[in-house]
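Novice: Sharing a structure with you now.
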Amino acid sequence: MFAMLKKTVRRSSKPKAPESRVLEVAGRAVPLTIRQNARATRITLRIEPGGRALKMTVPTGLRDIEVRDFLDRHQGWLNIKLAKYNTDNRLRPGAEILLRGTPHLIVHTGLLRGITEVAEVDGRPVVRISGLEEHAGRRLSAFLKKEARADLERLVAEHTRTIGRKPGALSMKDTRSRWGSCSWDGNLSFSWRIVMAPPSVIDYLAAHEVAHLREMNHGPAFWALCRKLCPHMEEAKLWLKRHGSQLHAIDFD
């Protein structure tokens with residue numbers, strides 16, 4: 001999901017509030033957030049999913065000159081890692097979007113009103129979007145959230161029947177650090193971007209969070225239950241590891 005660098009140092013004092021900067025990497029402006037952590041003994045630099053931003057954790061009291069030195073010395077590493085990400089991930093008519101693992105052409109109808117829907121044109125799957133063209137990304141993300149909720153509500157219901165547990169509320173979010181979560185009171189949360197993945201991967205995510213209704217950990221019993229609910233678990237995990245950051249990188253704004 002992300003790339004990471006570390007360097008061990010030792011400092012101590014009161015942590016400052018997170019600091020936001022813009023770092024120039026190979027002619028690209030990349031948002032950088034620097035957080036001080038009193039328990040940190042090393043500098044940690046993470047590239048967020050999709051290469052959209054950088055997050056840096058430093059020991060409390062670390063001097064700015066040391067931060068700049070660390071970033072300067074790792075410009076080459078950043079150049080290599082960020083080069084694989086497309087710098088323009090905005091969606092627009094004529095581009096393609098994945099829906100349940102299948103590429104769909106984005107088509108603007110030219111109409112001011114109308115629903116976003118899947119259709120077929122000349123044997124090719126398309127997503128038809130109406131309204132102003134500059135609002136296409138927003139309309140598309142709303143459509144994907146609706147589709148994701150429908151899939152996940154169905155899959156969660158199937159898996160909870162299997163284990164004999166009832167879930168709490170189910171919510172759709174746009175989290176970048178995790179694909180889903182299960183709270184202690186049984187509320188399930190999912191990233192709606194998962195609907196762009198193949199059906200088997202969507203099923204794995206549902207099974208993973210439902211398994212937490214019985215096992216609130218990632219121990220052997222949890223993984224055994226998860227594998228029972230989703231026999232293709234390993235293949236789905238591998239798909240997310242290889243392609244998940246690409247889904248996070250898409251800009252719907």
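Computed from the coordinates by the stated procedures, all read-outs in this text should not be read as laboratory data. Since the model is a prediction, treat every value here as computed from it, not as a measurement. Positions of Cβ are generated from backbone atoms using ideal geometry, with glycine treated the same way; all protein chains shown enter the neighbour counts.
Novice: Over the chain, what relative contact order in percent results from Cα pairs under 8 Å that are six or more residues apart?
Specialist: 16 percent
Novice: If I take all pairs of Cα atoms in the range 98-153, what percentage of them are more than 17 Å from each other? The partial results should precede the final answer.
Specialist: Details: 551 of 1540 pairs.
The answer is 36 percent, as a whole percent.
Novice: Give me the angle, in degrees from 0 to 90, between the Cα long axis of helix 233-249 and the longest principal axis of the Cα atoms of the chain, rounded to the nearest 10.
Specialist: The angle comes out near 70 degrees.
Novice: Here's another thing I want to ask about it. Given springs between every Cα pair under 10 Å in a Gaussian network model of the chain, which of Pro167, Pro18, Pro103 has the largest fluctuation?
Specialist: Per the Cα network of the chain with a 10 Å cutoff, Pro18 tops the list.
Novice: Ok, one more. Compute a Gaussian network model of the chain, connecting alpha carbons closer than 10 Å, and tell me which residue from Ala136, Ala17, Ala206 fluctuates the most.
Specialist: Of Ala136, Ala17, Ala206, the Gaussian network model singles out Ala17 as fluctuating most.
Novice: Still on this model: Going by alpha carbons, how many degrees (0 to 90, nearest 10) lie between the helix axis of 199-211 and the longest principal axis of the chain?
Specialist: 70 degrees
Novice: Provide the percentage of antiparallel DSSP beta bridges, counting only those with both residues in the chain; round to the nearest 5. Kindly include the intermediate steps, with their values, before the conclusion.
Specialist: Working: 29 of 44 bridges.
If I count the DSSP bridges inside the chain, around 65 percent turn out antiparallel.
Novice: In the range 221-253, which residues have a backbone nitrogen under 13 Å from the label point lying 7 Å from Ala142's Cα in the Cα-to-Cβ direction?
Specialist: none
Novice: So what is the calculated 222 nm ellipticity per residue for the chain, using -39500 (n - 2.57) for each DSSP H run with n of 4 or more, over all residues, to the nearest 500 deg cm²/dmol?
Specialist: -11000 deg cm²/dmol
Novice: Another question, then. With a point put 7 Å past each Cα toward its Cβ, work out how far Thr162 is from Leu23 in nm, to one decimal.
Specialist: Each label point lies 7 Å from its Cα, and together they span 4.1 nm.
Novice: Could you sort out which of Lys173/Lys241; Lys146/Lys228; Lys146/Lys173 sit more than 22 Å apart by Cα distance in this structure? Write out the running numbers ahead of the final one.
Specialist: On the way: Lys173/Lys241 20 Å; Lys146/Lys228 28 Å; Lys146/Lys173 12 Å.
Table pairs above 22 Å Cα-Cα are Lys146/Lys228.
Novice: Please sort 143-154, 51-62 by packing, taking for each peptide the average over its residues of neighbouring beta carbons within 10 angstrom, highest first. Display every interim value, and only then the final one.
Specialist: Details: 143-154: 17.5, 51-62: 19.7.
Descending packing order for the listed peptides: 51-62, 143-154.
Novice: Then there's this: Relative to the longest principal axis of the C-alpha atoms of the chain, give the angle of the C-alpha long axis of helix 220-229, reported between 0 and 90° and rounded to the nearest 10°.
Specialist: With both axes taken from Cα atoms, the answer is about 30 degrees.
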